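One structure is given here, and the rest of the page talks about it.
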Amino acid sequence: MSNSTSTTPDSTTIVEIRDLAHGGEGVGKAADGDDARVWFVEGALPGERVRVGLTGEHKRWLRGHVVELLERSALRVEPPCPVADRCGGCTWQHVDPAAQAQLKADIVANQLRRIDLPTPVAVPSPLALGYRRRARLHYRVEGRTLELGFFGQRSHQLVDADHCPVLDPALDWAMQQLRGWASWLPATGSVHGLSNGVEVVLGLPGVRPHPELEVAIRELIASSSASEAGPTLVGVQLRGGREHVGVGRTSLELDGDGPIPPVTQGPFTFSQAQARQNAALVEHVVAMAQPAERRVLELHAGVGNFSRALARSAKRVWTIDGDREAVANLQRTAERWGLPINVKRGQAEKLLGKLAAGGRTYEVVVCDPPRAGIGVQAAKDLIAVASDRIVYVSCDPATLARDLAAMVGPGSPFEVVDLRVFDMMPMTAEVEVVVTLKRRGRGSGAA
């Protein structure tokens, strides 16, 4: 192969974009020259012709960013955020919000193309802005001035912003209050925030308790609670070394509308980024699991986002997760609402291995692992443990493809009957995929 196209760090290359990669980068080839390597271009969309600056090189591919837009896609829009060209928090602000869900479904279909699967169904987000109820921002303190925001694109350079249009308005307001506490914070750090739309809790890792800081926090809690019009800060968790101190109330009840009990969350435990789309996700997972009067095993259960809904009709739900705080929160939820849930702390993949080796089975298994997935061996154990249905929730199409290949390969007793792609985080390339598998030869029932 000849690589005659100029790709020095100071050069640019005209690239024609034909597709999108996992992660949201445009995929294309150089428009001239005979370098056959694939380009991955940040900020480019299918159908565009762009001038690209080189940022990375490999013998099989090149990576770059858009320097000049030569031919524009109809899907390109003006970003709603004034720092979108620098901030790394939302890398899809240039993409038409109405098109984002289908583009993500196309990315998932491409990642899973080597597996015999139904066409993925895209589930658009009901909101494009102001939806994000959970976030982690970074800060830097110089004197009495605090800069606050996400890291920049392709860097760890902080992009200071006094407003983030993607954040839930209450969370956006609460995050900005951190600027008033600069005198008591370390030179650099991060802040975790969680909102229920009105109330907010914050978490400050690496921050030791300080009497003056605690007074300032309590004053803000009191003043915001007294206001009937605006959002309310209800508490802050300080975690400096081994010292964990809560100022005010440091947890919220989320997603408890209707007949499903709420989950209890703090700023340091995982929750889905938005409430309305999460409600749709939970509803779909329960519908696919068909838990009524069945024994359900839930892996990587977290605080019980699915557990509380599954337990409403299941004979019993057995859960496992490795996060100590999440497990404790789920245990309290189960006890408070009298739910038939057995809560265990441990490693889900090890448990699967033990269950498979011992011939133990559950009629339904729901699995919601972190980005790394469960791995090939655990995927093989999973199809041995599930006697009827598997619902696998994934935030990473690449690791999902690896795990699915082990579950539905030649000779597998399972087949995929439903594939949904939820746009949980608009303005980013992040995606939530739900795959439903059913043991072959069982009654058709619902999908």
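What's the total number of residues in segment 47-65 that are without any contact (Cβ under 8 Å) to a residue 40 or more places away in the chain, within 29 Å of the chain's Cα centre (by Cα) and either crowded, with 17+ Cβ neighbours inside 10 Å or within 15 Å of residue 17 (Cα to Cα) (or both)?
Step one: list which residues in segment 47-65 are without any contact (Cβ under 8 Å) to a residue 40 or more places away in the chain, which gives 47-51, 56, 58-61, 63.
Add one more test, that the residue is within 29 Å of the chain's Cα centre (by Cα), and what stays is 47-48, 56, 58, 61, 63.
Checking the rest, the ones that are also either crowded, with 17+ Cβ neighbours inside 10 Å or within 15 Å of residue 17 (Cα to Cα) (or both) come to 47-48, 61, 63.
Summing the residues that are without any contact (Cβ under 8 Å) to a residue 40 or more places away in the chain, within 29 Å of the chain's Cα centre (by Cα) and either crowded, with 17+ Cβ neighbours inside 10 Å or within 15 Å of residue 17 (Cα to Cα) (or both) in segment 47-65 gives 4.
Looking for something modelled with pLDDT under 95, over 18 Å from the mean Cα position of the chain (by Cα) and either loosely packed, with under 15 Cβ neighbours inside 10 Å or charged (D, E, K, R) (or both) - is there at least one such residue anywhere in segment 84-95?
yes
Can you go through 386, 356, 314, 289 and tell me which one is in contact with a Pro (Cβ under 9 Å, 6 or more places away or on another chain) and of a type in the set (Gly, Ala, Ser)?
Every option except 314 fails the conditions.
Given the conditions (1) crowded, with 21+ Cβ neighbours inside 10 Å; (2) closer than 20 Å to residue 322 by Cβ, report the number of the one that residue 254 does not fulfil.
Condition not satisfied by residue 254: (2).
Can you find, within segment 310-322, the residue that is farthest from residue 89 (Cα to Cα) among those that are crowded, with 24+ Cβ neighbours inside 10 Å and of a type outside the set (Asp, Glu)? Working first, answer last.
Of segment 310-322, the ones crowded, with 24+ Cβ neighbours inside 10 Å are 310-311, 314, 317, 319, 321.
Adding the requirement that they be of a type outside the set (Asp, Glu) leaves 310-311, 314, 317, 319.
On the way: 310: 33, 311: 36, 314: 39, 317: 36, 319: 32 Å.
That would be 314.
When you scan segment 421-434, do you find a residue that is surrounded by fewer than 18 Cβ atoms within 10 Å (Cβ to Cβ) and either assigned to a strand (DSSP E or B) or under 25 Å from the mean Cα position of the chain (by Cα) (or both), even just one? Before you say what the answer is, go through the steps one by one.
Just the residues of segment 421-434 that are surrounded by fewer than 18 Cβ atoms within 10 Å (Cβ to Cβ), to begin with: none.
No: zero hits.
Going by the structure shown, is residue 15 touching an Asp or Glu at 6+ places or on another chain (Cβ under 8 Å), buried (at least 18 other Cβ atoms within 10 Å of the Cβ) and within 22 Å of residue 154 (Cα to Cα)? Give the steps one after another, and end with the answer.
Values: touching an Asp or Glu at 6+ places or on another chain (Cβ under 8 Å): no; buried (at least 18 other Cβ atoms within 10 Å of the Cβ): yes; within 22 Å of residue 154 (Cα to Cα): yes.
In short, no.
For the subset of segment 177-233 comprising residues that are hydroxyl-bearing (Ser, Thr, Tyr) and in a helix (DSSP H, G or I), which member is farthest from residue 160 (Cα to Cα)? I'd like the intermediate steps shown before the answer.
Taking segment 177-233 as the starting set, the residues that turn out to be hydroxyl-bearing (Ser, Thr, Tyr) are 183, 188, 190, 195, 223-225, 227, 232.
Filter once more, keeping what is in a helix (DSSP H, G or I): 183, 223-225.
Details: 183: 18, 223: 26, 224: 24, 225: 28 Å.
The selected residue is 225.
For residue 101, all conditions in the list (1) over 22 Å from residue 205 (Cβ atoms); (2) assigned to a loop (DSSP other than H, G, I, E, B); (3) touching an Asp or Glu at 6+ places or on another chain (Cβ under 6 Å) hold save one; what is the number of the exception?
That leaves (2) as the condition not met.
Among 167, 129, 146, which is the only one that is more than 22 Å from the chain's Cα centre (by Cα) and at pLDDT 95 or above? Explain how you work it out, then say what you get.
On the way: 167 fails: more than 22 Å from the chain's Cα centre (by Cα); 129 fails: more than 22 Å from the chain's Cα centre (by Cα).
Exactly one residue qualifies, and that residue is 146.
Scan segment 137-151 residue by residue and report those that are surrounded by 18 or more Cβ atoms within 10 Å (Cβ to Cβ) and in contact with a His (Cβ under 8 Å, 6 or more places away or on another chain).
148, 149, 150
Pick out the one residue from 294, 276, 249 that is modelled with pLDDT of 95 or more and closer than 19 Å to residue 201 by Cβ. Spell out the reasoning first.
Numbers: 294 fails: closer than 19 Å to residue 201 by Cβ; 276 fails: closer than 19 Å to residue 201 by Cβ.
Every option except 249 fails the conditions.
Restrict the check to segment 327-338 and report whether at least one residue is crowded, with 23+ Cβ neighbours inside 10 Å, within 20 Å of residue 361 (Cβ to Cβ) and either in contact with a strand residue (DSSP E or B) (Cβ under 7 Å, 6 or more places away or on another chain) or modelled with pLDDT of 95 or more (or both).
no
Please go through segment 111-165 and give me each residue that is more than 18 Å from residue 182 (Cβ to Cβ) and among the polar types (S, T, N, Q), ordered by number.
111, 119, 125, 153, 155, 157
Identify, please: which residue in segment 152-187 is more than 25 Å from residue 427 (Cβ to Cβ) and of a type outside the set (Phe, Trp, Tyr) and is, among those, surrounded by the most Cβ atoms within 10 Å (Cβ to Cβ)?
The initial filter retains those residues of segment 152-187 that are more than 25 Å from residue 427 (Cβ to Cβ), namely 180-187.
Remaining after also requiring of a type outside the set (Phe, Trp, Tyr): 180, 182-183, 185-187.
Details: 180: 14, 182: 17, 183: 13, 185: 20, 186: 13, 187: 8.
Among those that are more than 25 Å from residue 427 (Cβ to Cβ) and of a type outside the set (Phe, Trp, Tyr), it is 185.
Criterion first (of a type in the set (Val, Ile, Thr), over 26 Å from residue 161 (Cβ atoms) and in a strand (DSSP E or B)) does residue 67 satisfy it? First the steps, then the outcome.
Details: of a type in the set (Val, Ile, Thr): yes; over 26 Å from residue 161 (Cβ atoms): no; in a strand (DSSP E or B): yes.
So residue 67 does not fit the description; no.
If you go through segment 101-131 one residue at a time, how many are hydrophobic (A, V, I, L, M, F, W, C), touching a residue at least 40 places away in the same chain (Cβ under 8 Å) and under 17 Å from residue 23 (Cβ atoms)?
So the first thing to find is which residues in segment 101-131 are hydrophobic (A, V, I, L, M, F, W, C), and the list is 101, 103, 105, 107-109, 112, 115, 117, 121-123, 127-129.
Within this subset, residues satisfying the condition of being touching a residue at least 40 places away in the same chain (Cβ under 8 Å) are 101, 103, 105, 107-108, 112, 115, 117, 121-123, 127-129.
If we keep only those that are under 17 Å from residue 23 (Cβ atoms) too, we end up with 101, 103, 105, 107-108, 112.
Here the count works out to 6.
Take segment 390-406 and flag every residue that is aliphatic (A, V, I, L, M) and within 21 Å of residue 295 (Cα to Cα).
So in segment 390-406, the residues aliphatic (A, V, I, L, M) come out as 390-391, 393, 398, 400-401, 404-406.
Across segment 390-406, the qualifying residues are 390, 391, 393.
Conditions: (1) modelled with pLDDT under 95; (2) buried (at least 21 other Cβ atoms within 10 Å of the Cβ). Residue 374 meets all but one. Number of the miss?
Here residue 374 clears every test but (1).
The values are calculated or read from the model by the stated rules, or taken from the named source; none is laboratory data. Just so it is clear, the structure is predicted and the values come from calculations on it, not from any experiment. Cβ coordinates were reconstructed from backbone atoms using ideal geometry, including for glycine residues, and neighbour counts include every protein chain displayed.
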